[in-house]
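Heads up: the structure comes next, in C-alpha coordinates.
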Amino acid sequence: MKNIVILISGGGSNMAAIVRTAQREHWERAPGVRIAAVISNRADAGGLAFAREQGIATHVVDHKAYTDRAAFDAALAERIDAQDPQGHPALVVLAGFMRVLTPDFVRHYAGRLVNIHPSLLPAFAGLHTHARALAAGCRFAGATVHLVTEELDDGPILAQAVVPVLPGDTPEQLAARVLTQEHRIYSRAIADLLRR
Ligand code: GAR
(Lines give C-alpha, C1' and ligand atoms only; values in the text may rest on other atoms or scores of the structure.)
Protein backbone atom coordinates (compact mmCIF):
# COMPACT_ATOMS: atom_id res chain seq x y z
CA MET A 1 0.00 0.00 0.00
CA LYS A 2 1.31 3.43 -0.97
CA ASN A 3 0.86 6.05 1.72
CA ILE A 4 0.23 9.66 0.78
CA VAL A 5 0.32 12.66 3.09
CA ILE A 6 -1.60 15.87 2.36
CA LEU A 7 -0.43 19.25 3.69
CA ILE A 8 -2.90 22.10 4.14
CA SER A 9 -2.97 25.58 5.69
CA GLY A 10 -6.62 26.57 5.33
CA GLY A 11 -10.03 25.45 4.18
CA GLY A 12 -8.69 22.34 2.52
CA SER A 13 -11.22 22.10 -0.29
CA ASN A 14 -8.62 20.54 -2.60
CA MET A 15 -7.74 18.00 0.11
CA ALA A 16 -11.45 17.23 0.56
CA ALA A 17 -11.86 16.74 -3.20
CA ILE A 18 -8.91 14.32 -3.23
CA VAL A 19 -10.30 12.38 -0.24
CA ARG A 20 -13.75 12.16 -1.85
CA THR A 21 -12.30 10.96 -5.15
CA ALA A 22 -10.15 8.37 -3.35
CA GLN A 23 -13.26 7.09 -1.56
CA ARG A 24 -15.43 7.05 -4.68
CA GLU A 25 -12.81 5.35 -6.85
CA HIS A 26 -11.52 2.98 -4.15
CA TRP A 27 -7.92 4.06 -4.49
CA GLU A 28 -7.02 1.46 -1.85
CA ARG A 29 -7.62 -1.18 -4.54
CA ALA A 30 -6.01 0.60 -7.49
CA PRO A 31 -3.61 2.35 -7.54
CA GLY A 32 -3.26 0.89 -4.02
CA VAL A 33 -3.17 4.18 -2.18
CA ARG A 34 -4.07 5.19 1.34
CA ILE A 35 -4.37 8.80 2.51
CA ALA A 36 -2.34 8.30 5.66
CA ALA A 37 -2.58 11.76 7.20
CA VAL A 38 -3.45 15.40 6.74
CA ILE A 39 -0.94 17.78 8.30
CA SER A 40 -1.40 21.52 8.78
CA ASN A 41 0.95 24.28 9.88
CA ARG A 42 -2.05 26.00 11.47
CA ALA A 43 -4.21 24.54 14.25
CA ASP A 44 -7.20 26.57 12.99
CA ALA A 45 -7.09 25.20 9.42
CA GLY A 46 -10.71 24.49 8.53
CA GLY A 47 -9.85 21.34 6.60
CA LEU A 48 -8.64 19.46 9.68
CA ALA A 49 -12.19 18.84 10.92
CA PHE A 50 -13.23 17.34 7.58
CA ALA A 51 -10.22 15.00 7.57
CA ARG A 52 -10.96 13.86 11.12
CA GLU A 53 -14.59 13.19 10.22
CA GLN A 54 -13.34 10.94 7.42
CA GLY A 55 -11.26 8.96 9.89
CA ILE A 56 -7.96 10.32 8.58
CA ALA A 57 -5.19 11.05 11.08
CA THR A 58 -4.50 14.77 11.45
CA HIS A 59 -1.46 16.56 12.83
CA VAL A 60 -0.44 20.16 13.38
CA VAL A 61 3.16 21.27 13.04
CA ASP A 62 2.94 24.97 13.90
CA HIS A 63 5.59 26.98 12.04
CA LYS A 64 5.48 29.65 14.76
CA ALA A 65 6.94 27.16 17.26
CA TYR A 66 10.24 27.02 15.32
CA THR A 67 13.02 29.57 15.21
CA ASP A 68 13.61 29.34 11.50
CA ARG A 69 12.43 27.81 8.26
CA ALA A 70 14.99 24.98 8.35
CA ALA A 71 13.92 23.87 11.85
CA PHE A 72 10.25 23.92 10.87
CA ASP A 73 10.87 21.98 7.67
CA ALA A 74 12.94 19.36 9.52
CA ALA A 75 10.14 18.84 12.07
CA LEU A 76 7.55 18.72 9.28
CA ALA A 77 9.55 16.13 7.32
CA GLU A 78 9.94 13.99 10.44
CA ARG A 79 6.17 14.06 10.99
CA ILE A 80 5.45 13.27 7.34
CA ASP A 81 7.87 10.34 7.21
CA ALA A 82 6.40 8.90 10.42
CA GLN A 83 3.14 8.33 8.51
CA ASP A 84 4.69 5.50 6.49
CA PRO A 85 5.95 2.27 8.10
CA GLN A 86 9.07 2.45 5.90
CA GLY A 87 9.49 6.17 6.60
CA HIS A 88 9.04 6.89 2.89
CA PRO A 89 5.53 8.07 1.88
CA ALA A 90 4.88 7.59 -1.85
CA LEU A 91 3.63 11.13 -2.31
CA VAL A 92 3.42 14.38 -0.38
CA VAL A 93 0.59 16.57 -1.66
CA LEU A 94 0.62 20.33 -1.08
CA ALA A 95 -3.03 21.42 -1.09
CA GLY A 96 -3.17 25.11 -0.23
CA PHE A 97 -0.07 24.75 1.95
CA MET A 98 1.06 28.35 2.25
CA ARG A 99 4.70 27.93 3.33
CA VAL A 100 7.78 28.28 1.16
CA LEU A 101 9.81 25.10 1.58
CA THR A 102 13.59 24.91 1.93
CA PRO A 103 15.77 23.26 -0.74
CA ASP A 104 16.67 20.50 1.75
CA PHE A 105 13.00 19.64 2.24
CA VAL A 106 12.32 19.67 -1.49
CA ARG A 107 15.37 17.47 -2.22
CA HIS A 108 14.26 14.99 0.46
CA TYR A 109 10.97 14.50 -1.43
CA ALA A 110 12.35 14.83 -4.97
CA GLY A 111 9.92 13.34 -7.49
CA ARG A 112 7.24 12.68 -4.87
CA LEU A 113 6.22 16.23 -3.87
CA VAL A 114 3.32 17.81 -5.80
CA ASN A 115 1.64 21.20 -5.63
CA ILE A 116 -1.37 22.93 -7.10
CA HIS A 117 -1.01 26.58 -7.97
CA PRO A 118 -3.93 28.85 -8.92
CA SER A 119 -2.54 30.17 -12.20
CA LEU A 120 -1.45 28.93 -15.60
CA LEU A 121 2.22 28.54 -14.76
CA PRO A 122 4.74 29.80 -15.69
CA ALA A 123 2.53 32.92 -15.53
CA PHE A 124 1.89 34.40 -12.09
CA ALA A 125 4.03 32.37 -9.71
CA GLY A 126 3.70 33.59 -6.11
CA LEU A 127 0.76 35.21 -4.39
CA HIS A 128 -2.35 37.18 -5.50
CA THR A 129 -2.53 35.29 -8.78
CA HIS A 130 -6.13 36.20 -9.63
CA ALA A 131 -5.77 39.93 -8.97
CA ARG A 132 -2.60 39.93 -11.08
CA ALA A 133 -4.27 38.04 -13.94
CA LEU A 134 -7.15 40.55 -13.92
CA ALA A 135 -4.75 43.53 -13.78
CA ALA A 136 -2.85 42.11 -16.76
CA GLY A 137 -6.05 41.88 -18.78
CA CYS A 138 -5.84 38.10 -19.21
CA ARG A 139 -8.76 36.57 -21.08
CA PHE A 140 -8.09 33.17 -19.55
CA ALA A 141 -6.91 31.99 -16.15
CA GLY A 142 -6.53 28.58 -14.58
CA ALA A 143 -4.60 26.24 -12.35
CA THR A 144 -1.51 24.06 -12.61
CA VAL A 145 -0.51 20.82 -10.90
CA HIS A 146 3.26 20.40 -10.88
CA LEU A 147 6.09 18.50 -9.28
CA VAL A 148 7.87 20.72 -6.76
CA THR A 149 11.46 21.76 -7.38
CA GLU A 150 13.68 24.17 -5.52
CA GLU A 151 12.38 27.13 -7.55
CA LEU A 152 9.09 28.60 -6.27
CA ASP A 153 6.04 27.43 -8.29
CA ASP A 154 8.28 25.79 -10.85
CA GLY A 155 8.84 22.17 -11.85
CA PRO A 156 7.43 19.76 -14.41
CA ILE A 157 3.76 20.38 -15.20
CA LEU A 158 1.46 17.39 -14.63
CA ALA A 159 -1.94 18.96 -15.41
CA GLN A 160 -3.56 22.29 -16.17
CA ALA A 161 -7.10 23.58 -16.44
CA VAL A 162 -8.24 26.77 -18.14
CA VAL A 163 -11.23 28.97 -17.31
CA PRO A 164 -12.45 32.15 -19.03
CA VAL A 165 -12.10 35.54 -17.37
CA LEU A 166 -15.55 37.13 -17.55
CA PRO A 167 -16.30 40.86 -17.85
CA GLY A 168 -16.41 42.51 -14.42
CA ASP A 169 -14.80 39.55 -12.63
CA THR A 170 -13.48 40.24 -9.15
CA PRO A 171 -10.46 38.27 -7.89
CA GLU A 172 -12.85 36.32 -5.65
CA GLN A 173 -15.17 35.38 -8.52
CA LEU A 174 -12.25 34.29 -10.64
CA ALA A 175 -10.73 32.35 -7.72
CA ALA A 176 -13.99 30.44 -7.21
CA ARG A 177 -14.17 29.53 -10.91
CA VAL A 178 -10.56 28.33 -10.88
CA LEU A 179 -11.02 26.40 -7.61
CA THR A 180 -13.79 24.29 -9.14
CA GLN A 181 -11.32 23.18 -11.80
CA GLU A 182 -8.58 22.60 -9.22
CA HIS A 183 -10.81 20.05 -7.53
CA ARG A 184 -11.24 18.25 -10.83
CA ILE A 185 -7.61 18.10 -12.00
CA TYR A 186 -5.72 17.56 -8.72
CA SER A 187 -7.09 14.13 -7.81
CA ARG A 188 -6.79 13.03 -11.46
CA ALA A 189 -3.14 14.06 -11.61
CA ILE A 190 -2.38 12.32 -8.31
CA ALA A 191 -4.01 9.06 -9.39
CA ASP A 192 -2.10 9.16 -12.68
CA LEU A 193 1.20 9.85 -10.90
CA LEU A 194 0.67 6.95 -8.49
CA ARG A 195 -0.08 4.57 -11.33
CA ARG A 196 3.26 5.31 -13.03
C1 GAR B 1 -6.12 26.94 -3.80
O2 GAR B 1 -6.63 27.84 -4.73
C3 GAR B 1 -4.68 26.61 -4.15
O4 GAR B 1 -4.42 26.55 -5.51
C5 GAR B 1 -3.96 27.77 -3.53
O6 GAR B 1 -4.62 28.00 -2.30
C7 GAR B 1 -5.98 27.59 -2.43
C8 GAR B 1 -6.27 26.63 -1.31
O9 GAR B 1 -7.62 26.29 -1.25
N10 GAR B 1 -2.59 27.48 -3.34
C11 GAR B 1 -1.62 28.40 -3.40
O12 GAR B 1 -1.83 29.57 -3.60
C13 GAR B 1 -0.24 27.84 -3.17
N14 GAR B 1 0.75 28.85 -3.38
P15 GAR B 1 -8.11 25.04 -0.42
O16 GAR B 1 -7.48 25.16 0.98
O17 GAR B 1 -9.60 25.22 -0.35
O18 GAR B 1 -7.67 23.82 -1.13
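The values are calculated or read from the model by the stated rules, or taken from the named source; none is laboratory data. None of these values were measured; they are calculated from a predicted model. Methodologically, a virtual Cβ is constructed for each residue, glycine included, from the backbone with ideal geometry; neighbour enumeration extends over all protein chains shown. SASA here: full protein model, heavy atoms, side chains in, ligands and nucleic acids out. Shrake-Rupley method; radii C 1.70, N 1.55, O 1.52, S 1.80 Å.
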Checklist entry - Quick one: would you say Ile116 is closer than 18 Å to Asn41 by Cβ, β-branched (Val, Ile, Thr), open to solvent by less than 30 Å² (accessible area, probe 1.4 Å) and within 15 Å of the chain's Cα centre (by Cα)? => result yes
Next on the checklist: Within region 127-141, take every residue that is away from the ligand (no atom under 12 Å from the Cβ) and assigned to a loop (DSSP other than H, G, I, E, B) and give me the one that is farthest from Val92 (Cα to Cα).
Outcome noted: Gly137
Checklist outcome for this item: Those residues of region 142-159 that are open to solvent by 60 Å² or more (accessible area, probe 1.4 Å) and more than 22 Å from Pro31 (Cβ to Cβ) come to a total of 4
Checklist entry - For residues in region 1-26 being more than 20 Å from Ile116 (Cα to Cα) and either in contact (Cβ under 8 Å) with a residue 24 or more places away in the chain or not charged (D, E, K, R) (or both), which is farthest from the ligand (Cβ to nearest atom)? => result Met1
Checklist outcome for this item: Residue set Phe124, Phe72, Phe105; condition within 16 Å of the ligand (Cβ to nearest atom), more than 30 Å from Asp169 (Cβ to Cβ) and in contact with an Asp or Glu (Cβ under 9 Å, 6 or more places away or on another chain); output residue Phe105
Next on the checklist: Test of understanding: among Thr149, Thr180, Thr144, which residue is of a type in the set (Val, Ile, Thr), assigned to a loop (DSSP other than H, G, I, E, B) and either within 13 Å of the ligand (Cβ to nearest atom) or in contact (Cβ under 8 Å) with a residue 40 or more places away in the chain (or both)?
Outcome noted: Thr149
Checklist outcome for this item: Exception for Leu158 within (1) under 17 Å from Val100 (Cα atoms); (2) assigned to a strand (DSSP E or B) falls at (1)
